Amino acid sequence: MASLKDMRNRIASVKATRKITKAMQMVAAAKLRRAQDAATAARPYAERMARVLGNVTASVANKSGASPLLVGTGKDQVHLLIVMTAERGLCGGFNTNIARLARQDAIRLLKEGKTVKILTVGRKGYDSLRRDYARQVVDRVDLKGVKQLTFANAEDIAHKVLAMFDAGEFDVATVYFSEFKSVIAQKPTALQLIPATIPEGQASGSLNVYEYEPSEEEILGYLLTRNISTQIFRGLLENAASEQGARMSAMDNATRNAGDMINKLTIRYNRQRQANITKELIEIISGAEAL
């Protein structure tokens, strides 16, 4: 049985841990509001971008010479998985869920005889996937020193992806991130970037007729590359909000669990202390009676 001193040290250790988890919960709560506002503000632009892209695409997709970013390379043998996670842990299953979704797709593609390449954004995704897919990881992006995400960060990642595509290193690119729903709910999401996916209903013939200046092909060429940066930026912002929400929830649970452990340890400590006092009193009384 542990001594009273050991129990006091353990109680003090758990109390210190509770202070840390409580402080992390408060920091995550403070960051969550700003990250949530940024993610919410980015959604309409990304969705509108997809609709405009689908509108232009419907009129040129079947024409000869359409951009490979739109129609693909004609094959889907090599797949690039862009896995975006956080740089730090202590946020529940946030990083694990994204990596699990990417791992499931990687297993499926490999079983189908496809070639899988992985580009990780964030240290946790790299640490999780390199254990099983070290050979498939072709590059990694470190955002540890970035205090606030900007569109330039997304453009840097998009330029890497486009350079690889232009070099013929893959046929299909899919980005993985966690869509923010609420503090307690984040949805791991896979979004195909290349070839571009047309929103449902956009490919039908019921679209309005527009006249474009400059030509549809020129506009589409710009929109396709812009769309990749936009969707990556949206994924980064969704991830930032989801990370803070998951961390806030995880640290709240950790704080509660630490409080419960302190209460249990305190009860055990008091019982052990009372038992020691009772034992000493019995020894004193027994000694006095013996005299």
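Key figures
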read-out	value
Pair list, Cβ < 6 Å and 6+ apart or interchain, from the stretch 172-185 residues that are of a type in the set (D, E, K, R) to residues that are open to solvent by 20 Å² or more (accessible area, probe 1.4 Å)	E179/K187; E179/T189; K181/K187
Pair list, Cβ under 9 Å, 6 or more apart: the stretch 1-30 residue open to solvent by 80 Å² or more (accessible area, probe 1.4 Å), other residue small (G, A, S) and outside any helix (DSSP H, G or I)	R10/A2
Number of positions in the stretch 254-291 that are over 16 Å from A16 (Cα atoms) and of a type in the set (V, I, T)	6
Check on S249, under 34 Å from the mean Cα position of the chain (by Cα) and small (G, A, S)	yes
Conditions (1) crowded, with 18+ Cβ neighbours inside 10 Å; (2) at pLDDT 90 or above; (3) assigned to a helix (DSSP H, G or I): number failed by N227	(2)
Matching residues, the stretch 100-153, being over 19 Å from the mean Cα position of the chain (by Cα), among the polar types (S, T, N, Q) and open to solvent by 50 Å² or more (accessible area, probe 1.4 Å)	T115
In the stretch 154-188, the residues that are within 29 Å of M248 (Cα to Cα), open to solvent by 40 Å² or more (accessible area, probe 1.4 Å) and in contact with a Lys or Arg (Cβ under 8 Å, 6 or more places away or on another chain)	K181, K187, P188
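The values are calculated or read from the model by the stated rules, or taken from the named source; none is laboratory data. Every value quoted in this text rests on a predicted model; they were computed, and no experiment measured them. Quick reminder, even Gly has a Cβ in these numbers, built from the backbone with ideal geometry, and neighbours come from all protein chains shown. Keep in mind that these areas ignore ligands, DNA and RNA; they rest on the heavy atoms of the full protein, side chains included. Shrake-Rupley method; radii C 1.70, N 1.55, O 1.52, S 1.80 Å.
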